[in-house]
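Here the structure comes first, spelled out in structure tokens, and everything after it is commentary.
The values are calculated or read from the model by the stated rules, or taken from the named source; none is laboratory data. This structure is a prediction, so every number in the text was calculated from the model and none was measured. Cβ coordinates were reconstructed from backbone atoms using ideal geometry, including for glycine residues, and neighbour counts include every protein chain displayed.
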Amino acid sequence: MDLQEFSQKFAQIKAQGWVPSQRRGPTGIGHTFEHLLGLTENNIALPDLGKIEIKAHRIGATSLITLFTFNRNAWRISPLLAVKKYGTPDSRGRLGLYFALAKIGFPGFLSRSRNYSMRENIQLSFLEQQDDWTFQGASTRELTHCYHDYPARMIPQVAGKLLDLFGQQARLLFDPYCGSGTSLVEANLRGIDAIGTDLNPLAQLIAKAKTATPALDQVEAYVRLFQQQILEEKLHYLRESQRIYGIPRLEFWFKPEVVEKLLAVRRFIETIAEEGTRLFFQVAFSETVRESSNTRNDEFKLYRYDEAELERFNPDVYGIMASKLSRNLEGYRKYRALLTRLPRLPRTSVYDFNTVEGIPADVLPPQSVDIVITSPPYGDSGTTVAYGQYSRLSAAWLGLPDPHKIDRKLMGGQVRKGIPLFPSPELNSAIELVKTADEKRAYEVASFYTDLYASIVNVATVIRPNGLACYVVGNRKVRGVTLPTHLVACQFCTCTLYLWRRVLSLEVSKWTSVILFG
């Protein structure tokens, strides 16, 4: 039926006057109208007439009309353009689309109510700002975010934007895989207390350093003292302490003169009594260790320079350390200045508990968290995202526990034989494809998602009613098979639907999505 034929039939129906409904309930009026038009009811989220969706409504009815669909096949313009063209302003002047939505598939919001005919009225004002989640050209190394690099680090702009959109009333943020502490810093900048946990001791140290607030004058004094001792050649070390636990072949990874200078720097740091100031120096030392080592600095994995490259490689250990301290001091000055504008100094704690196994009630009681913002591990620490290899040398020099066993502690690090049936058809299919190519890799993939599911269930228990969880996830490939983590995270969540009111998957790039649970 084209538009002209529809107009003619509509005029004929209108001429009939009052027409009795052919079906009871909220869908009766629409069903009757379609029947009179000669259309077959199909209940699919695509237009009825070319680009036109037919909507019928009883006069005086209070029920909502669905005017928005997540089905991308139905869109003729981008969601952002739709908001700008058809959106209405809220009390704060932000444009948004208002729409009603019942229980649908992925991606979309899901009602927690057992009566799935109940509909929610949700404002998608965040679509107004959806145009740039990649933040190309933005500096990701401002404030204390400049302290230390880290594999697969969530950029601060993503965490900050999520907090600005959804955390304006939040008092406590939790990051169950906090890494280097990006979300914790962004929470603190907005006056929100934060709790993070990570299984990598180096990540814990970096996160603690980035959120620590030592006295600025004390940090500056120690930086000046370090610079002075370099000039006066007063740095020294205890020669009998040249063994580093966790690095069995020290001479393979470090030149002898580099070892001597690193020992001297470490000895200086050990004289600093105040924890916050010591953490400030330790993160600078961590990067200095890596950049002074014989491993390629442009790799997260441990790849030693070849002999020709080593011949030319003569790192200035003291110069690298001094440069890191100067850079980090400038970042800390700016961070500290922003914190002083807040009504109170936010509190942050970093732990080492494993959310796969549970969450300590003395740290986070049930329903105590307002918002979760996190980016789970990629689940491929041994190969693609080398958290353990990246951390090993620095962790050993800092005396952190078991630097050579980090990968085994992380999510999916304990590989189980056998593959369970996951509540995700797409994941089950992907794992089967991986298994045909490499059975061992299939077990590794399955072990990671088993742990991820257990963690999501445990994290859900600490979020208060009407709270929100934001998972920034990335898809990856194993043996040429794409693992759809953006779908899997949503599907894992729906298995604990009683804990959530809605789920939204927002694609921000080809490989990255933001999953919202609330």
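Here are a few things to note about the model shown:
- For I230, the test of being assigned to a loop (DSSP other than H, G, I, E, B) and buried (at least 16 other Cβ atoms within 10 Å of the Cβ) is failed.
- Checked against (1) at pLDDT 85 or above; (2) more than 26 Å from A460 (Cα to Cα), A386 meets all criteria but (1).
- Number of residues in the stretch 272-284 that are surrounded by 14 or more Cβ atoms within 10 Å (Cβ to Cβ) and either of a type in the set (A, V, I, L, M, F, W, C) or not in a helix (DSSP H, G or I) (or both): the value is 7.
- Residue count for the stretch 247-271, restricted to those that are under 28 Å from T211 (Cβ atoms) and surrounded by fewer than 19 Cβ atoms within 10 Å (Cβ to Cβ): 3
- Test: residue in the stretch 493-510 that is buried (at least 19 other Cβ atoms within 10 Å of the Cβ), at pLDDT 75 or above and not acidic (D, E): yes
- The helices (runs of 4 or more DSSP H) located wholly in the stretch 313-424 that include 3 or more residues which are among the aliphatic types (A, V, I, L, M) and on the phi < 0 side of the Ramachandran plot occupy 317-339, 387-397.
- Just one of the listed residues (L163, L225, L172) is in the same structural domain as R266 (by TED's automatic domain parsing) and surrounded by fewer than 23 Cβ atoms within 10 Å (Cβ to Cβ), and it is L225.
- Residues satisfying the stated conditions in the stretch 181-230, i.e. closer than 24 Å to K261 by Cβ, touching a residue at least 40 places away in the same chain (Cβ under 8 Å) and among the hydrophobic types (A, V, I, L, M, F, W, C): L202, L205, I206, A209, V219, V223, F226, I230
- Hey, I269 under 14 Å from H148 (Cα atoms) and either among the aliphatic types (A, V, I, L, M) or not in a loop (DSSP other than H, G, I, E, B) (or both) or not: no
- Number of the condition not met by K210 [criteria: (1) among the charged types (D, E, K, R); (2) part of a helix (DSSP H, G or I); (3) surrounded by fewer than 24 Cβ atoms within 10 Å (Cβ to Cβ)]: (3)
- The stretch 180-207 - residue that is part of a loop (DSSP other than H, G, I, E, B) and touching a Ser or Thr at 6+ places or on another chain (Cβ under 7 Å) and, of those, nearest to S394 (Cα to Cα): N200
- Taking the conditions (1) of a type outside the set (V, I, T); (2) loosely packed, with under 14 Cβ neighbours inside 10 Å; (3) over 25 Å from the mean Cα position of the chain (by Cα) in turn, S323 satisfies each one other than (2).
- If you go through the stretch 157-179 and keep only what is part of a helix (DSSP H, G or I) and not small (G, A, S), you end up with Q157, V158, K161, L162, L163, D164, L165, F166.
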